[in-house]
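Computed from the coordinates by the stated procedures, all read-outs in this text should not be read as laboratory data. In this text the structure is predicted, and so the values were computed from the model without any measurement. Glycine gets a Cβ as well: all are built from the backbone with ideal geometry, and neighbour counts include every protein chain shown.
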Amino acid sequence: MLTSPYIAQFSFSIAALIFSLEHPEKVTRQLRFLYCALDHPRLSLANSFFTLFMCIGIIVLEVHLGIVAYRNHCGLRKAGKCSSGLDFAFYLRVLIFGAYVAFGMIVNIVSIFRPGSVVPDIYAATAGTAVFLVFGTQRDVLNTWCFWRRGPKEDEDSRPSQVSFPRRTGSPVPSDSSLTKPVRDVEDVPPLLPPKPRNTKAAEV
C-alpha cells in the first residue's frame, strides 16, 4: 500500500523515458508552456484515466471513512465514553482533502480535452503544499517535527524511570562443589540400632 504510488509513478515515467529515447522528435514544448512534454496521445490518455480512477477511489474511501467515524462517535456517545464531544478538526481535514481531490478530478478531465492548459500543471505543483497544510499542521505532528521547542521536563518524562533493587547478600544458587559432591547410596547407609530394652528389675526396686 505504501509502495503502490511509487510503482505507478515509476511505471509511467519509465515508459515515457523509453519512448522519448526512441523517438526524440516527439519531445516538444508546444503541448506544455512550462516544460517539455511527450507527444504521445495513448500514454497521455492512459495517465489521465489512471489518475481519474485513483481520484474516484480516494473519494469513495473518504466517504466510507467519514461514515465509519460518525458511527463510532455515535456508539461511544451512547455508551457514555465520549465526553470530549465531536472532533471537528478531524472531519474538517477530511472534508478539505476530499474537496481538493474532487477538484483534481475536474482538472484532470480538463487536461484530457485541453492538453495545452496550464491549470493541471499549477494544480500538480500545489499538491504537496496542500497535503502538508491539511495533515501536517496537526498538533502531534508539529510537536514531533519541532523537537527544539521541547522543554527539559518533557525529555525527563520521556525517559524510563530507573528502579534500584536491594543487593543480595547470599546466592540461592548452589555452588559447584555441592553439585559435584557424590551422593551416598541408600545401601551404604548403616542400619539403625534397635532400642535398648528397659531394666524392669531396677524399676521394681
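Here's the picture: a label point sits 7 Å out from the Cα of TYR35 along the beta-carbon direction, and within the stretch 94-109 the residues with their amide nitrogen under 17 Å of it are 108.
Globularity index of the stretch 1-141 is 1.37 (Cα radius of gyration / 2.2 N^0.38 Å, N = number of residues). Restricting the stretch 1-87 to chymotrypsin sites (Phe, Trp or Tyr not before Pro) that sit in a DSSP loop and have at most 14 other Cβ atoms within 10 Å of their own Cβ leaves PHE33, TYR35.
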